[in-house]
Amino acid sequence: MRRNSGAAERAARATRRGAQTGARTRIEKDSLGRKAVPAGAYFGIQTQRAVENFPISGLRAPAVLVDAAAQIKKCAARANAQLGRLDRRRAAAVVRACDEVLSGKFRDQFVVDVFQMGAGTSFHMNMNEVLANRAEEILGGRKGQYRIVHPNDHVNMGQSTNDVYPTAMRLAALKLLRRDLAPALRDFWRGLERKGREFAHVVKSGRTHLQDAVPIRMGQEFAAYASAIRQASGTLERAARGLERLGIGGTAVGTGINADPRYAALMVRLLAAETRLPLRRAADMREAMQSLRPFADVSAALRNLALELTRIANDLRLLSSGPRTGLAEISLPAVAPGSSIMPGKVNPSMLEMLNQVCFQVVGCDLAVAAAVQAGQLELNVMMPAVAFNLLFMMGILANALREVGARCIAGIEASVDRCRMYAETSLGLVTAVSPIIGYAAAAEVAKEAVSGGKPVIDVLRERGLLDAATLAHLLK
């Protein structure tokens, strides 16, 4: 993987060129000293330091997290203006800058790697600087001057990375769940339910321990798959309710230092209206800052969903194995040639993709768990790792479910004759007659059927254990 890419790489190159030629840069100052920043950049010196310090993955904050942070800044400007702490002229400029970011502008200005300074300070200052510089422009100033709007004094008024970043994580996860993942899950299990109804008449052999078991209808199998995903979806939605409790207004350590006493409650009301999410204040602002337990709950629910999905994907791959030398009880839609050497080969490609996504989700959950337990005292600084992994899990699951549902589940067909052949020759049939003829006699019938290569029904008839009418009733 390249150590730097995209906007961050361009920014770094521009800085190097400016240092060498004195052109295309501006000089900014922070508490550590002076540094050249690309002249046209809306970000500032602290973002530039992050670009240089953390050229790690080439990955950037997802758009949903950028939007969430911009919504927090927009509501903060409004709240501070209502409380008389920020003059309305500056507040209006910051709100306008936030709205521009929310419209999709300036996305190339959010250049901090996802693996960055602890607690997300680098990303947070990236947002503060972009908004401050744009607000400065709106009010007639120039980027990098901060004479009218300052990233810390005005954009970050009454805030800290320690309450803004975890709030942004919560909003982003809730939005991604409701906008993308929950609808994809609902469509997926409904697709399985439709197959359950479509295959309600298809009788087949059940299997336990990968051995013959009593008959089952294929529709019952698919209905059970749908039920499993529906229940996993419900578990996820219940876990996500913990993300609705916000610690915004707690500032540095949950005590609310530097914020108006009325600020926290006002922020929750404004954010609920802005995001249309059912938000409420955390019962304990200190706990909300110390603990990332709600994120662990959601991550675990995503992991358990992935376990169910990969189990079902494995079943469907097994049921479709063949077409000549496997079970071949169902056929999957062909989406691509399956081999570079074997002509005509078609693979369960969509399900293989789903398996890989599920494995990735399980790995991401482990990373989240490690980060969640790594908090110390008043803050867990591993939040960027939690944010990246949680949002990544949700994104790839939503995409995978949508594509598998449309390109695979919807087009599954049952091999009715093959299913019936398995059902009628399965040794599991003896279970249906064992209450009549006894377990020992039924076991003898099964052994003879195996050794003689005969259907169970034929052995029962030959031994005269049941009359034709009783046998037909039991096995129908």
Per its Cα gyration tensor (rounded if a/c is under 1.5, else prolate when a/b beats b/c, else oblate), region 369-429 is best filed as oblate
Take residue 469 and residue 145, extend 7 Å from each Cα along the Cα→Cβ direction, and tell me the distance between the two endpoints in nm. 10.3
How far apart, in nm, are two points set 7 Å out from the Cα along the Cα-to-Cβ line at residue 83 and at residue 421? 7.5
Give the dimensionless ratio obtained when the Cα radius of gyration of region 6-157 is divided by 2.2 N^0.38 Å. 0.99
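Which value in Å is the Kirkwood Rh of region 427-475 over different Cα pairs?
Values: mean 1/r = 0.0957 Å⁻¹.
About 10.5 Å, per the Kirkwood formula over Cα pairs.
Using the number of other C-beta atoms within 10 angstrom as an exposure proxy, rank 105, 345 with the fewest first. Each step should come with its number before you reach the end.
Working: 105 14, 345 10.
Arranged by neighbour count, lowest to highest, 105, 345 become 345, 105.
Could you give the C-alpha radius of gyration of the chain expressed as a fraction of 2.2 N^0.38 Å, taking N as the number of residues it contains? Could the numbers behind the result be given before it?
On the way: Rg = 30.2 Å, N = 476, 2.2 N^0.38 = 22.9 Å.
This ratio for the chain stands at 1.32.
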Residue separation times 0.36 nm, minus the C-alpha to C-alpha distance between residue 374 and residue 262: what's the value? 37.1 nm
May I ask you to evaluate 6.51 cos²θ - 1.76 cosθ + 1.60, the Karplus curve with θ = phi - 60°, for each residue of region 463-469 and list the ³J(HN,Hα) values in order in whole Hz, giving x for glycine and proline? 7, x, 6, 9, 6, 4, 5
Residue by residue, what Karplus-based ³J(HN,Hα) values in Hz, rounded to whole numbers, does region 155-163 have, using 6.51, -1.76 and 1.60 with θ = phi - 60° and x for Gly and Pro? 5, 9, 4, x, 10, 8, 3, 5, 10
Please list, ordered by chain and number, the residues whose modelled amide H lies under 5 Å from the amide H of residue 207; skip anything fewer than 5 residues away on the same chain. 213
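Counting helices only, and only those DSSP H runs with n ≥ 4, report the 222 nm mean residue ellipticity of the chain as the sum of -39,500 (n - 2.57) divided by its residues, in deg cm²/dmol to the nearest 500.
Working: 18 runs with 278 residues, N = 476.
Taking each H run of at least 4 residues, the total per residue is -19000 deg cm²/dmol.
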Can you compute the FRET efficiency between residue 59 and residue 214 using 1/(1 + (r/R0)^6), with r the Cβ-Cβ distance and R0 = 41 Å? Round to the nearest 0.05. 0.20
Karplus-derived 3J(HN,Hα), 6.51/-1.76/1.60, for each residue of region 265-276, Hz, glycine and proline x: 5, 5, 4, 5, 5, 5, 5, 4, 5, 5, 9, 6
Along each of the three principal axes of the Cα atoms of region 163-416, give the extent in whole Å, ordering the values from largest to smallest. 72, 37, 31
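Using the crude model of +1 on Lys and Arg Cβ and -1 on Asp and Glu Cβ, and no other charge, please compute the dipole size for region 222-319 relative to its Cα centre, in debye to 20. Could the numbers behind the result be given before it?
On the way: 14 positive and 9 negative charges, 22 e Å.
Charge dipole, region 222-319, about its Cα centre: 100 debye, nearest 20.
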Report the Cα centroid-to-centroid distance between region 299-365 and region 430-472 in angstrom, as an integer. 37
Starting from the 7 Å offset along Cα-to-Cβ, what nm value, one decimal, do you get for the label separation of residue 277 and residue 366? 2.9
In terms of modelled amide H atoms, which long-range or inter-chain residues lie less than 5 Å from the amide H of residue 246? 280, 281, 282
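Considering Cα pairs under 8 angstrom that are at least six residues apart, work out the relative contact order of the chain and quote it in whole percent. Show your work: numbers first, answer last.
Details: 791 pairs, mean separation 69.4, N = 476.
Dividing the mean separation by the residue count of the chain yields 15 percent.
How would you classify region 160-251 from its alpha-carbon gyration tensor, with a ≥ b ≥ c the square roots of the eigenvalues: rounded for a/c under 1.5, else prolate if a/b is greater than b/c, otherwise oblate? All intermediate terms of the calculation are to be shown ahead of the outcome.
Details: a/c = 5.48, a/b = 3.19, b/c = 1.72.
Taking the square roots of the gyration eigenvalues as a ≥ b ≥ c, region 160-251 is prolate.
Only the coordinates and a few stated rules stand behind these numbers; no lab work does. Note that the coordinates shown come from a computational prediction; the quantities given were computed from them, not determined experimentally. As a convention, Cβ positions derive from the backbone with ideal geometry for all residues, glycine included, and neighbour counts pool all protein chains shown.
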